[in-house]
1. Going through the range 98-111 one residue at a time, which ones are surrounded by fewer than 19 Cβ atoms within 10 Å (Cβ to Cβ) and either closer than 14 Å to GLY84 by Cβ or modelled with pLDDT of 95 or more (or both)?
2. Would you point out the residue of the range 80-89, among those that are part of a strand (DSSP E or B) and within 11 Å of the chain's Cα centre (by Cα), that is surrounded by the fewest Cβ atoms within 10 Å (Cβ to Cβ)?
3. So which residues in the range 90-107 are more than 17 Å from TYR156 (Cα to Cα), in contact with a strand residue (DSSP E or B) (Cβ under 9 Å, 6 or more places away or on another chain) and not in a helix (DSSP H, G or I), if there are any at all?
4. State which residue pairs qualify: first residue modelled with pLDDT under 80 and inside the range 40-58, second residue among the basic types (Lys, Arg) and not in a loop (DSSP other than H, G, I, E, B) in any location, beta carbons under 8 Å apart, and separation of 6 or more residues or different chains.
5. Based on what the data block shows, is ILE51 under 15 Å from the mean Cα position of the chain (by Cα), closer than 21 Å to ILE187 by Cα and not small (Gly, Ala, Ser)?
6. If you go through the range 125-143 one residue at a time, do you hit one that is at pLDDT 95 or above, assigned to a strand (DSSP E or B) and more than 24 Å from VAL30 (Cα to Cα)?
7. Conditions: (1) in a loop (DSSP other than H, G, I, E, B); (2) in contact with a Pro (Cβ under 8 Å, 6 or more places away or on another chain); (3) at pLDDT below 95. TRP37 meets all but one. Number of the miss?
8. Can you tell me which residue among GLU23, GLU16 is acidic (Asp, Glu), under 19 Å from the mean Cα position of the chain (by Cα) and not assigned by TED's automatic domain parsing to the domain that holds LYS111?
Amino acid sequence: MKRLEDLVQRAKKLKEKGLTTGEIADELNVSRETALWLLTQSEILPEDIYIEWRALADAFRLRSIAAIMADMIHGVGQPEVVVGVATSGLPIATMVAEELGCEFGIYYPRKLKWEEDKPVSGGVLSENFAKIEGRKCAVVDDIITTGSTIKEVAEYAAKKDAELQCACVIIDKKGFDKIAGFPVLSIFRILRL
């Protein structure tokens with residue numbers, strides 16, 4: 001299980017650099033529970049799927065994925081703002097916004113602040129980018145692991161009277177059709193048999 005040992009070491013190195021467990025989960029594209037397990041090696045291994053992204057580090061490949069996602073979003077709506085979910089969703093969301101000719105906003109989810117046994121306040125939309133109040137939006141992220149981040153963005157958008165037209169991700173680990181009443185679009189959907 002060399003790959004698992006590598007993940008454990010990567011998680012520990014990220015922790016040494018000062019990242020929270022939530023940030024480690026985002027960096028490794030795993031659930032918070034899996035990130036915690038990688039750090040603590042408790043008895044019960046969580047059910048999760050690790051996704052390796054290094055093949056998408058090339059800008060040409062990432063732009064090709066963004067074009068696919070933009071095409072999928074056009075099939076359900078015409079958003080005015082693409083809301084990228086920090087941190088791992090930002091590169092692809094930026095390119096999707098460009099493909100759609102939309103403004104770009106950044107949402108920092110509460111999971112980035114998550115640590116075991118510590119209370120966490122809600123997420124926030126960056127003040128430095130597009131506002132979503134009263135506007136049509138598409139949420140873009142890299143992966144749906146549990147759906148909780150997309151639900152969180154939906155709750156935030158509802159408070160700001162924004163219309164979420166869809167969420168679009170590269171990979172959906174849960175196989176959602178909808179979250180919070182709006183469609184979930186994914187290039188790849190993982191279905192456990």
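1. First, the residues of the range 98-111 that are surrounded by fewer than 19 Cβ atoms within 10 Å (Cβ to Cβ): 98-99, 101, 103, 108, 110.
Result: GLU98, GLU99, GLY101, GLU103, TYR108.
2. Applying the filter and picking the extreme gives GLY84.
3. Across the range 90-107, the qualifying residues are CYS102, GLU103.
4. From residues that are modelled with pLDDT under 80, the pairs are TYR50/ARG3.
5. Values: under 15 Å from the mean Cα position of the chain (by Cα): yes; closer than 21 Å to ILE187 by Cα: yes; not small (Gly, Ala, Ser): yes.
So ILE51 fits the description; yes.
6. Within the range 125-143, one or more residues are at pLDDT 95 or above, assigned to a strand (DSSP E or B) and more than 24 Å from VAL30 (Cα to Cα).
7. Among (1) in a loop (DSSP other than H, G, I, E, B); (2) in contact with a Pro (Cβ under 8 Å, 6 or more places away or on another chain); (3) at pLDDT below 95, the lone unmet condition for TRP37 is (1).
8. On the way: GLU16 fails: under 19 Å from the mean Cα position of the chain (by Cα).
Among GLU23, GLU16, only GLU23 is acidic (Asp, Glu), under 19 Å from the mean Cα position of the chain (by Cα) and not assigned by TED's automatic domain parsing to the domain that holds LYS111.
The values are calculated or read from the model by the stated rules, or taken from the named source; none is laboratory data. These numbers were taken from a predicted model, which means no experiment stands behind them. Don't worry about glycine lacking a Cβ; one is built from the backbone with ideal geometry, like all the others, and counts go over all protein chains shown.
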